[in-house]
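The values are calculated or read from the model by the stated rules, or taken from the named source; none is laboratory data. Keep in mind the model is a prediction, meaning the values are calculated, not measured. Here the Cβ is made from the backbone with ideal geometry for all residues, glycine too, and neighbour counts use every protein chain on show. When the accessible area is computed, the model is the full protein with side chains, heavy atoms only, and any ligands, DNA or RNA have been set aside. Shrake-Rupley method; radii C 1.70, N 1.55, O 1.52, S 1.80 Å.
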Amino acid sequence: MTAARGELIAIEGVTKRYLTSSGPVEALHDVSLSVGEGDFCTLIGPSGCGKSTLLGMLGGLVAPDEGRLLVDGQPVTTPDPRRVATVFQDAGLFPWRTALQNVEFGLELQGVPAARRRRTASELLGPLGLSGFAEKYPRELSGGMKQRVAIGRALAIDAKILLMDEPFGALDEQTRVLMGEWLLDIWRRTRKTVIFVTHSLHEALFLSTRVAVMTARPGRIKSILELSMEYPRSVESPEMAALRAKLWSEIREESLRAMR
Ligand SMILES: Nc1ncnc2c1ncn2[C@@H]1O[C@H](COP(=O)(O)OP(=O)(O)O)[C@@H](O)[C@H]1O
Ligand SMILES: [Mg+2]
């Protein structure tokens, strides 16, 4: 396999089987994917096709049975929050910490001195749209705010790679659209490399530089769509409507297979 220019992540022939009480389950089969530095790469595919497993592997939490995963040319073997940060559907905030203290958390783990981590976290509150909410506790924040705190926690440690596993999956449709616009802005400012999992065609088309469609389990890469349109994008344009139809027909096929 030849490395793409500026390749940051290489997933090479990865297969993963889980042992369950009813026998082995093959979650991923021979998955290869190359992600360039600064890409916004979206994974889309039916439930159970191994998307979270793949992110778990990139985060160093799950080991492949076959193949390997490289970040910056180095095999991923253990979690390395300085390189890779993950945001999940559930914000997973500490209820006893304020928004600011939650954003600071990763820096604290890294032993960053209090004054410096406070400064870093405070500077992020503006871009997070949380100015004025520094001292609020998670129970006082809306769902969208909580997700922004979780993303802020990942941004604070300044990892190059942001793994996002259905980060807006629990939000209502309107909030979700606004969060997509906000994330686009953050991504363009910070130039992170993002691997994003979603079931939303709108999010995939609005945000991504490339979309990898996965097959029903065992997950394989079915197709890759390169999106080179300028940002911000109008998802109502005829070009986008055509892409959406193409994407949907591929996902529909796999979702039907997953339902059988
Ligand atoms: N720890 C585990 N033990 C056993 N089976 C698992 C485990 N994690 C995931 N699986 C199974 O592997 C498959 C892929 O799961 P997952 O990666 O969560 O898919 P997705 O995120 O695409 O919905 C599913 O069939 C799931 O039940
Ligand atoms: Mg999942």
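Checking PHE40 against (1) within 16 Å of ligand 1 (Cβ to nearest atom); (2) buried (at least 19 other Cβ atoms within 10 Å of the Cβ), which single condition isn't satisfied?
Here PHE40 clears every test but (1).
Can you pull out the residues in region 185-200 that are buried (at least 18 other Cβ atoms within 10 Å of the Cβ) and of a type outside the set (Lys, Arg)?
ILE186, TRP187, THR193, VAL194, ILE195, PHE196, VAL197, THR198, SER200
So for region 59-67 (the condition being over 16 Å from the mean Cα position of the chain (by Cα), charged (D, E, K, R) and open to solvent by 40 Å² or more (accessible area, probe 1.4 Å)), does at least one residue qualify?
There is at least one residue in region 59-67 that is over 16 Å from the mean Cα position of the chain (by Cα), charged (D, E, K, R) and open to solvent by 40 Å² or more (accessible area, probe 1.4 Å).
Every residue in region 195-213 that is closer than 21 Å to ALA85 by Cα and more than 16 Å from ligand 1 (Cβ to nearest atom), please.
The answer is LEU207, SER208, THR209, ARG210.
For region 109-118, what are the residues that are open to solvent by 70 Å² or more (accessible area, probe 1.4 Å) and under 26 Å from the mean Cα position of the chain (by Cα)?
Correct list: LEU109, ARG118.
Take ASP90 and tell me if it is open to solvent by 30 Å² or more (accessible area, probe 1.4 Å), farther than 19 Å from PRO218 by Cβ, within 16 Å of the chain's Cα centre (by Cα) and away from ligand 1 (no atom under 12 Å from the Cβ).
Criteria met by ASP90.
Show the residue pairs meeting these rules: Cβ distance below 6 Å; 6+ apart or different chains; first residue within region 47-71 and touching a residue at least 24 places away in the same chain (Cβ under 8 Å) and among the hydrophobic types (A, V, I, L, M, F, W, C); second residue within 8 Å of ligand 1 (Cβ to nearest atom) and assigned to a strand (DSSP E or B).
CYS49/MET214; CYS49/GLY219; LEU55/ASP165
Kindly state which strands (runs of 3 or more DSSP E) lie completely within region 163-260 and contain at least 3 residues that are under 15 Å from the mean Cα position of the chain (by Cα) and in contact (Cβ under 8 Å) with a residue 12 or more places away in the chain.
So the answer is 193-197, 210-214.
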